[in-house]
Amino acid sequence: MNKWLTISLGAVLGISHIGMIGLLSNRESKLPSLDIPVGPYTSYLAEVSKEGYRISYKANDPKTMYLTKDIKKKGGFLGLANNTEKVTEEYTMDGAVHHKNGSNKISDSNKSEACIKAIGGAEGTGRLVGSSVGTAAAPALSGIPFVGWVAAGWVTMFSGNQGAEIGGSMAESMSKDC
């Protein structure tokens, strides 16, 4: 008798649970259907309370984005120091770059032709002077066994590159067009 009572009670509970699950799954939702377009540049906030719903939706959010770069450059005397320059760009999702108001920094593409010619000429002259100084040191280095000729060539090229950099920066700082 006890065994049949347990089996029948379990069957009634099982059938009632299946029926309850079926009723809940077929029940109409009282929630409004939200047809919010969602993409990589959208955001929305939905708040639910007993009084109702509140939805805040923003398309193209953020409207502008920022890109921050750390640019490492050689600096100091003969380029032995490391300088880090932080550059921040603001742009929209279509890729257009925005410049801040009042920015008077001239990019390389906006330099005048006279400025570019002055810098190029000064770099050539600086390279010539720097290579001459490096060549003067070459005989002392060429006496090193096995690697002397490599060291002499390296010093000549290094001093030529440093002379070009120094000459170009001097012309840029002294020229009125730059």
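The values are calculated or read from the model by the stated rules, or taken from the named source; none is laboratory data. Predicted model, so just to flag it, every value in this text is computed and none were measured. FYI the Cβ positions are ideal-geometry reconstructions off the backbone, even for glycines, and counts take in every protein chain you see.
List, please: which pairs have Cβ atoms under 9 Å, are six or more places apart or on different chains, and start with a residue in the range 15-43 that is in the same structural domain as residue 57 (by TED's automatic domain parsing) and end with one that is modelled with pLDDT of 75 or more and not in a strand (DSSP E or B)?
36/42; 37/59; 39/59; 41/59; 42/59; 43/59
What are the pairs, 6+ residues apart or on separate chains, where a residue within the range 148-165 that is part of a helix (DSSP H, G or I) and modelled with pLDDT of 90 or more has its Cβ under 9 Å from a residue that is surrounded by 15 or more Cβ atoms within 10 Å (Cβ to Cβ) and of a type in the set (Asp, Glu)?
Sorted first by the residue in the range 148-165, then by its partner, the pairs are 163/123; 164/123; 165/123.
For the range 34-100, please list each of the strands (runs of 3 or more DSSP E) lying entirely inside it that holds at least 1 residues being modelled with pLDDT of 75 or more and basic (Lys, Arg).
Here the list reads 53-58, 65-75, 81-91.
Go through the range 125-178 residue by residue and tally those that are of a type in the set (Asp, Glu) and surrounded by 15 or more Cβ atoms within 10 Å (Cβ to Cβ).
Adding up the residues that qualify gives 2.
For the range 103-112, indicate whether the set of residues that are modelled with pLDDT of 80 or more and out of contact with any helix residue (DSSP H, G or I) (no Cβ under 7 Å at 6 or more places or on another chain) is non-empty.
So far as the range 103-112 goes, no, none of its residues is modelled with pLDDT of 80 or more and out of contact with any helix residue (DSSP H, G or I) (no Cβ under 7 Å at 6 or more places or on another chain).
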